């Protein structure tokens with residue numbers, strides 16, 4: 001009887017660990033996919049970049065630092081459009097994969 005309980009507990013703990021590990025792997029996978037090239041720079045789409053670009057949306061061009069710490073002159077409207085589209089595509093794909101994995105538990 002104790003053996004059955006310990007096996008059940010072991011399987012529960014293992015499934016929780018696997019679920020958390022899968023969440024971590026998915027997060028890393030989709031964060032890596034947030035990176036894109038534009039106007040000679042490399043950018044990571046996300047709330048920080050999108051917020052920065054929204055704040056400068058009324059400017060024709062600005063100079064901001066890319067992922068590799070290079071100053072790049074960009075059109076904030078154009079980069080914002082690309083960043084938002086990239087962000088939403090990756091977040092949607094991440095959600096679909098996350099929900100699929102959650103149902104497997």
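The values are calculated or read from the model by the stated rules, or taken from the named source; none is laboratory data. All of these numbers come straight from a predicted model, not from anything done at the bench. All Cβ positions, glycine included, derive from the backbone under ideal geometry; neighbour counts span all protein chains shown.
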query = How many residues are under 20 Å from the mean Cα position of the chain (by Cα) and surrounded by 10 or more Cβ atoms within 10 Å (Cβ to Cβ) when one looks only at the stretch 54-78?
reply = 4
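So for the stretch 53-62 (the condition being modelled with pLDDT of 95 or more, part of a helix (DSSP H, G or I) and either in contact with a helix residue (DSSP H, G or I) (Cβ under 8 Å, 6 or more places away or on another chain) or at positive phi (or both)), does at least one residue qualify?
yes
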